[in-house]
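The values are calculated or read from the model by the stated rules, or taken from the named source; none is laboratory data. Remember, predicted model here, so these are calculated numbers, not experimental data. Neighbour counts run over all protein chains shown; Cβ positions are idealised from the backbone, glycine included.
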Amino acid sequence: MAVAALGFGGATGSMALAQNVVTMNTVQIFGTIDPAKISDYTDYMAAVNLYDSLLTVDSGGNLIPQLAESWTVSADASEVVFTLRADATFSDGTPVTAADVVYSFERLLRINQGPANLFAGVVESGNVVATDDRTVTFTLSKTFAPFMATVPALMIVNSAVVEANLGTDDGQTWLAANVAGSGAYLLESWDRGSRMVIKRNPDYYGEMPDNPIDEVRWIVTNDEATVRALAASGELTMSSQFQSPDTYAALVDMGRFRMVSEPTATAFYLKLNSQLAPTDDVHIRRAIAYATDFDTIREVIFPGEAMSTPLPEAFAAFHNDDIEGPRYDMARAAEEVAMSAYAGQPIPLTLGYVAGTLFEEEISLLMQSNLEQLGFVITQQPDPWNRVTEIAASPETTPNVNQIFFGPTYPSPDSMFFTQYHSDAAGTWASMEWLQDPAVDDLIDAARATGDVDEQAAIYKDIQAILMDQMVSVPLLAQTVQHAMDNCLDGFAAVPMQSFDYDFARYSWSC
Amino acid sequence: MSVSGQKPLSNAWQNWWRFSRNPTAVVGAIIVITSVTLALLAPYVTPFPEHVGAVVDFANRHQAPSAVHWFGTDNVGRDIFSRAIFGLRVSLLLAVVVLGLAIPVGVVLGLLAGYFGGWVEIVIMRVTDIALAIPPLVMALAVAAVLTPSLTNSMLAIALLWWTWHTRLIYSITRQLRSQEFVEAAETLGASRAHILFREILPNCVSAIAVKTSLDAGFVILIGAALSFLGLGIQPPTPDLGTMVASGASFLPDYWWESVLPGCAILFVAMGFNLLGDGLRDLFDVEDVR
Amino acid sequence: MEFLAFLLRRLGWSLLVLLGLSVVIFTIARVVPGDPARMALGPTASADQVASLQESLGLNDPMFQQYATFLHGLARGDLGRSLLTEQSVTADIAKTFPATLELVICTILLAFALGVPLGVAAARWKDRWPDNLVRALAIGSAVMPTFFLALLLQILAGYVLNVLPTTGRLPGGIDFDAGWTGLVLVDSLIAGRGDVFLEAVRHLFLPTIALAAATMGQIARITRASMIDVSRQDYIEAARAFGVPDRLRMFKYMLRPAFVPPLTITGLEFASLIGNAFVVELIFSWPGMASYGIRAIVQKDLNAIMGVVMVSGVFFVVVNLMIDLLVGVVDPRVRIRGSRA
């Protein structure tokens, strides 16, 4: 084998690229690209580029037109009429019609996965009707204030193409590997588990920035060393938002990268299981909050913005500013332990976190060292993420303390409160507090039933006060999303809905 | 293969003399004894025994090796040297438990298959062959992942496959011994089968088992380390060498000591058992034990 | 005739092993605590979403019926559908297996190309420095954790020297998928893409060394031992007495019989080689079956786990069958004895 020749073969970076290519690493695999099944952050990242919805969301959380050019909401908020753009086309050139919207909605309900639960009980099957080719009416079964905010999650499929590839499962097999959408990008290749490549659709109906991104390559790796190697070889143009501070520093040192960071509406909590001893005692929960070294967590372990209530300040209009946030005070923590029913004995406590996540392990160790001083007997319980989703299904298997990130799945405070604290949403990783408080349920329902924003704000502020008094979730920080980005890449702005901020139709190349 | 019957007592001295002339064996023995002693006395010989628990010292994270911290400190400021010594405990415990389960099972099955032949042999050896067709690490991964990942499950998974090697070894020795004069003599004298198996044949397998055990201990430690490297090891904060390498690898190359030095510790202890096994093999002259 | 009988016996035997393997795998996969349907649907799925998927996956059928379904599918090369990828497991494995195969083939070639000459050299200069070097290498490679070696190589070549790529199979700029054999080395040569071939070699370099080290050490050790063994045989002594030149004696009369033990050890070592491939693929982000398997294991994707373990087992059995036949060709006595055990 000619070893000498190998040394000269490193022509990776010198290949002339006439196009604007973004190479980004992502830490999780793309689970699915079927718009009826997408559920997590990574799924949405691919889907928002491949599919368009009636509406989309901007960085202020506002709804903006996408396939729909306009919409009207009836006075009692029970009926919404969308008018589609006349020039909207799928990637095969056929026009996007109201019938496709109806088809996409019905398919979503039939498959009953992914975003289907957003519409369950709100819009029934048969209540989305095409009046003509460009007009579609959604009739709601009840007043549901957050409805409009959930519309971007309904992505529109090309009904003719899906029908042609229906198979026996509503086209699930076909759409798992192919795209029938109207998005700005087309699927070029997808090697599950290692990479996905999408290419710009030159015939895209919508608006694109000047000097748009022609191709996006996602490389799946959560290995810091790999990310650095990719950056050093000139391949990487954008890091994931989950790299370690050391990696960010190393990338910036290379000169080609800059750091972009923005506060987000994604919150990081210690969720305390309120139905399992000893965290069933409010004094124990408060003691844990006082024993949390917020500064070390936010400044050394995982950079983020302070939070004073479970609602991130990104929802400024709904945030209760009167509440003083939790603070680190070991003396107060000891007092709370003394007031609890478990005082004067060793108190067993399990700390759960996602296995293999270094910063969560660091936080868990920090908690353990503080809590042991208060007489707790700690068991660390790292679980892989899929196992976390299992143990969250019952209060007996949910650990006492859980480190959980939760961000809005649609741009409304309702997403934060309903999913985490309403009894009807119990049993998921997002509701590991097991709050089950009828008073809180009533307040959340009341906010949903009113169209009056001021009234909603007042209700949400009350909920925050109750939650902080009960201390079921210790708000650690509001995540600051950070990326190391190539100096030539522009357009990143955090969006308070899933991963809509990685819609590359909003990005451009400035070199 | 030495298949003579009883050995005179003076052989022990001869053996010891030959053993001490064999540099490989001596170095191996010294490493093994050192590792075991360090592991047993870990709380007394390590500079920061409290770092085995939940101690965090963020001001001292990522310190390079120094006179205070011989192996440097990790991402929460704990002394890596102390944790590596405690980590030896997990590795050695793994080897003891796995081999403690696998050897008796493997030896008994090997004796039965080799001595009785016939369908006993067919059944046992076919099952052995099936088990050998599954890569141990893959099996351990599957079992440990299917159950909850923990040290116990990892040990169980490894032990589940490991007996096969001992079965094969003892089987081939027993088959050779079955037709030896001293076995036939015992049969003629009407000795019970149990007596023949465990009193006549087994003692002649002891040297081979000893060699195999020593070599195996190294390999079990390696597989255990690989499993914990892949995230299927013992729960934190208890130190585990494979886990230390894995979490240290996130900080390569800047804080290289966090993964490289615990890796060297695995290498060290595995090397000890291997050298010792190699030396014993020369000593007992059991060439075909791998 | 005699060779044919030997072949058939070995084949039948391999089939029996595979059948047993399928039982073992099925048993393990179906004692899984936890619910694969819930995991496939994600955290926001409702209880009835989960129940309907359980039903459609046949998770509610009796065990023996599930095994019968599994076996029936297996016979047709159907391993079921992956919960995670929504594709058939067979298709997933077919897509990822060539990368693993390429890595493993290169590993074995490298192990032989280095191990046999080293072993011969050690035997030729017994107790001199080449011998000591080989013994040190053999022990070192046997006790070196593969994941640790892989990391060290990555640090050394990727960061310190910065000469070789440390991840993946090809650089991101090259999208090469000829789809003939799936082996990039072969396909790129057929397609006349020298640049792709060179990049493929560069990417193969580190993972191959990491994976080959242990096997190479064993091959060198066994080659040395068997060369020494053979050199003590009467016919070699005779050749020496007749004044047959050293080199001719070495290569013509000794190497061929001495080749059998290294082949045999490769067969036995192959199981641990596959196991190590999991670690190596993970560290070098190699897009092979092992990476797929690790993901399946983490996600408890049952069909995929069964598929990967099954294919690993089949791979092992097939390679050992091939080695048996090869040994039968090199050393005719084996055919009569029937098995190399």
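So, of the residues in the stretch C:50-77 that are among the aliphatic types (A, V, I, L, M) and within 22 Å of C:LEU19 (Cβ to Cβ), which turns out to be surrounded by the most Cβ atoms within 10 Å (Cβ to Cβ)? It would help to see each step written out before you state the result.
At the first step, the residues of the stretch C:50-77 found to be among the aliphatic types (A, V, I, L, M) are C:50-51, C:53, C:57, C:59, C:63, C:68, C:71, C:74-75.
Okay, now just the ones that are also within 22 Å of C:LEU19 (Cβ to Cβ), so C:63, C:68, C:71, C:74-75.
On the way: C:MET63: 11, C:ALA68: 12, C:LEU71: 13, C:LEU74: 20, C:ALA75: 8.
The selected residue is C:LEU74.
Could you identify the single residue in A:VAL129, A:VAL101 that is in a strand (DSSP E or B) and more than 20 Å from the chain's Cα centre (by Cα)?
Numbers: A:VAL101 fails: in a strand (DSSP E or B).
Testing whether each residue is in a strand (DSSP E or B) and more than 20 Å from the chain's Cα centre (by Cα) leaves just A:VAL129.
Limited to the stretch A:162-217, what total is found for residues that are more than 22 Å from C:LEU83 (Cα to Cα) and among the hydrophobic types (A, V, I, L, M, F, W, C)?
8
Mind listing whichever residues of the stretch A:265-310 are outside any helix (DSSP H, G or I), more than 17 Å from A:ALA392 (Cα to Cα) and of a type in the set (Ser, Thr, Tyr)?
A:THR266, A:THR292, A:SER308, A:THR309, listed by residue number.
Here are some residues: A:ILE391, A:ILE323. Which one is farther than 16 Å from B:GLN235 by Cα and free of Cβ contacts under 8 Å to residues at least 40 places away in the same chain?
On the way: A:ILE323 fails: free of Cβ contacts under 8 Å to residues at least 40 places away in the same chain.
It is A:ILE391.
Please give the number of the condition A:PHE82 fails out of (1) under 17 Å from A:GLY171 (Cβ atoms); (2) among the hydrophobic types (A, V, I, L, M, F, W, C); (3) touching a helix residue (DSSP H, G or I) at 6+ places or on another chain (Cβ under 8 Å).
(1)
Do we have B:VAL138 as within 13 Å of chain C (Cβ to nearest Cβ), aliphatic (A, V, I, L, M) and without any contact (Cβ under 8 Å) to a residue 12 or more places away in the chain here? I'd like the intermediate steps shown before the answer.
On the way: within 13 Å of chain C (Cβ to nearest Cβ): yes; aliphatic (A, V, I, L, M): yes; without any contact (Cβ under 8 Å) to a residue 12 or more places away in the chain: yes.
The answer is yes for B:VAL138.
Is it the case that the stretch B:104-113 has a residue that's hydrophobic (A, V, I, L, M, F, W, C), farther than 23 Å from B:LEU227 by Cα and not in a helix (DSSP H, G or I)?
No, the conditions are met nowhere in the stretch B:104-113.
Check B:ALA217, B:ALA246, B:ALA225 and return the single one that is within 15 Å of the chain's Cα centre (by Cα), small (Gly, Ala, Ser) and under 25 Å from B:ARG78 (Cα atoms). Write out each step before concluding.
Details: B:ALA217 fails: under 25 Å from B:ARG78 (Cα atoms); B:ALA246 fails: within 15 Å of the chain's Cα centre (by Cα).
Going through B:ALA217, B:ALA246, B:ALA225 in turn, the sole match is B:ALA225.
Among the residues of the stretch B:169-197, count how many are in a helix (DSSP H, G or I) and either without any contact (Cβ under 8 Å) to a residue 60 or more places away in the chain or of a type in the set (Gly, Ala, Ser) (or both).
Filtering the stretch B:169-197 for residues in a helix (DSSP H, G or I) gives B:169-178, B:181-188, B:193-197.
Among the residues that remain, those that are also either without any contact (Cβ under 8 Å) to a residue 60 or more places away in the chain or of a type in the set (Gly, Ala, Ser) (or both) are: B:172, B:181, B:183-188, B:194-195.
Residues in the stretch B:169-197 being in a helix (DSSP H, G or I) and either without any contact (Cβ under 8 Å) to a residue 60 or more places away in the chain or of a type in the set (Gly, Ala, Ser) (or both): 10 in total.
Got a number for residues in the stretch A:478-496 being touching a residue at least 60 places away in the same chain (Cβ under 8 Å) and part of a strand (DSSP E or B)?
Residues meeting the conditions: 10.
Can you confirm whether the stretch C:202-212 contains a residue that is under 19 Å from the mean Cα position of the chain (by Cα) and farther than 21 Å from C:VAL163 by Cβ? Spell out how you get there, then give the answer.
The initial filter retains those residues of the stretch C:202-212 that are under 19 Å from the mean Cα position of the chain (by Cα), namely C:203-212.
After this cut, where a residue has to be farther than 21 Å from C:VAL163 by Cβ as well, the list is none.
No, the stretch C:202-212 has no match at all.
Does the stretch A:198-244 hold any residues that are touching a Gly at 6+ places or on another chain (Cβ under 9 Å) and hydrophobic (A, V, I, L, M, F, W, C), and which are they?
Hits for the stretch A:198-244 are A:ILE198, A:ILE213, A:ILE219, A:VAL220, A:ALA225, A:ALA229, A:LEU230, A:ALA232, A:LEU236.
Quick check on my filter: what residues within the stretch B:93-128 are crowded, with 22+ Cβ neighbours inside 10 Å and closer than 30 Å to B:PRO49 by Cα?
Correct list: B:LEU94, B:ALA95, B:VAL98, B:LEU99.
What is the residue count in the stretch B:71-89 for residues that are out of contact with any Asp or Glu (no Cβ under 8 Å at 6 or more places or on another chain) and under 11 Å from B:PRO47 (Cα atoms)? First the steps, then the outcome.
Step one: of the stretch B:71-89, the residues out of contact with any Asp or Glu (no Cβ under 8 Å at 6 or more places or on another chain) are B:79, B:81-82, B:84-86, B:88-89.
Subset that is under 11 Å from B:PRO47 (Cα atoms): B:79, B:81-82, B:85.
Within the stretch B:71-89, residues that are out of contact with any Asp or Glu (no Cβ under 8 Å at 6 or more places or on another chain) and under 11 Å from B:PRO47 (Cα atoms) number 4.
Within the stretch B:31-85, track down each residue that is assigned to a helix (DSSP H, G or I) and among the charged types (D, E, K, R). Can you show your working first?
Residues of the stretch B:31-85 assigned to a helix (DSSP H, G or I): B:31-40, B:42-45, B:49-52, B:58-60, B:80-85.
Result: B:GLU50, B:ARG83.
Which members of the stretch C:56-66 meet the condition of being part of a helix (DSSP H, G or I), touching a helix residue (DSSP H, G or I) at 6+ places or on another chain (Cβ under 9 Å) and farther than 25 Å from C:ARG295 by Cβ?
C:MET63
Which ones in the stretch A:367-382 are part of a strand (DSSP E or B), facing chain B (nearest Cβ under 10 Å) and surrounded by 19 or more Cβ atoms within 10 Å (Cβ to Cβ)?
Narrowing the stretch A:367-382 to residues part of a strand (DSSP E or B): A:376-382.
If we keep only those that are facing chain B (nearest Cβ under 10 Å) too, we end up with A:378-382.
Listed by number, the residues that qualify are A:ILE378, A:GLN380, A:GLN381, A:PRO382.
I'd like the full set of residues that are assigned to a helix (DSSP H, G or I), facing another protein chain (nearest Cβ under 9 Å) and more than 19 Å from B:ALA25 (Cβ to Cβ), limited to the stretch B:211-238.
B:LEU222, B:ILE223, B:ALA225, B:ALA226, B:PHE229
Within the stretch C:128-162, can you find the residues that are touching a Gly at 6+ places or on another chain (Cβ under 6 Å) and more than 8 Å from chain B (Cβ to nearest Cβ)? Reasoning before the result, please.
Restricting attention to the stretch C:128-162, the residues satisfying the condition of being touching a Gly at 6+ places or on another chain (Cβ under 6 Å) are C:137-138, C:141-143, C:148.
Matches in the stretch C:128-162: C:LEU137, C:ALA138, C:SER141.
When residues of the stretch A:305-356 are filtered for being among the aromatic types (Phe, Trp, Tyr), closer than 18 Å to A:HIS283 by Cβ and touching a Ser or Thr at 6+ places or on another chain (Cβ under 9 Å), how many remain?
So the count comes out to 1.
Here are some conditions: (1) surrounded by fewer than 20 Cβ atoms within 10 Å (Cβ to Cβ); (2) within 25 Å of A:GLY114 (Cβ to Cβ). A:PRO413 meets all but one. Which one does it not meet?
(1)
Is it fair to say C:GLY173 is among the small types (Gly, Ala, Ser) and at pLDDT 80 or above? Please lay out each step first, then the result.
On the way: among the small types (Gly, Ala, Ser): yes; at pLDDT 80 or above: no.
Considered against the rule, which asks whether it is among the small types (Gly, Ala, Ser) and at pLDDT 80 or above, C:GLY173 comes out as no.
Failed condition for B:TRP256, given (1) within 10 Å of another protein chain (Cβ to nearest Cβ); (2) within 22 Å of the chain's Cα centre (by Cα), with all others met?
(2)
For the stretch A:148-198, give me each residue that is within 13 Å of chain C (Cβ to nearest Cβ), aliphatic (A, V, I, L, M), over 21 Å from A:ASP214 (Cα atoms) and crowded, with 21+ Cβ neighbours inside 10 Å.
Within the stretch A:148-198, A:ALA153, A:LEU175 qualify.
Any chance you could count how many residues in the stretch A:213-232 are at the interface with another protein chain (Cβ under 8 Å from one of its Cβ atoms), more than 21 Å from B:ALA246 (Cβ to Cβ) and not hydrophobic (A, V, I, L, M, F, W, C)?
Residues in the stretch A:213-232 being at the interface with another protein chain (Cβ under 8 Å from one of its Cβ atoms), more than 21 Å from B:ALA246 (Cβ to Cβ) and not hydrophobic (A, V, I, L, M, F, W, C): 1 in total.
Would you check if C:SER88 is more than 21 Å from the chain's Cα centre (by Cα), within 14 Å of chain A (Cβ to nearest Cβ), touching a residue at least 24 places away in the same chain (Cβ under 8 Å) and within 22 Å of A:GLY167 (Cα to Cα)?
Details: more than 21 Å from the chain's Cα centre (by Cα): yes; within 14 Å of chain A (Cβ to nearest Cβ): yes; touching a residue at least 24 places away in the same chain (Cβ under 8 Å): no; within 22 Å of A:GLY167 (Cα to Cα): yes.
For C:SER88, the condition - more than 21 Å from the chain's Cα centre (by Cα), within 14 Å of chain A (Cβ to nearest Cβ), touching a residue at least 24 places away in the same chain (Cβ under 8 Å) and within 22 Å of A:GLY167 (Cα to Cα) - is not met.
Test A:THR397 against the criterion of being modelled with pLDDT of 90 or more, under 20 Å from A:TRP429 (Cα atoms) and more than 26 Å from the chain's Cα centre (by Cα), and give yes or no. Can you show your working first?
Details: modelled with pLDDT of 90 or more: yes; under 20 Å from A:TRP429 (Cα atoms): yes; more than 26 Å from the chain's Cα centre (by Cα): no.
Taking the combined requirement at face value, the residue does not satisfy it.
Going by the structure shown, is A:PRO202 in contact (Cβ under 8 Å) with a residue 40 or more places away in the chain and not charged (D, E, K, R)?
On the way: in contact (Cβ under 8 Å) with a residue 40 or more places away in the chain: no; not charged (D, E, K, R): yes.
Taking the combined requirement at face value, the residue does not satisfy it.
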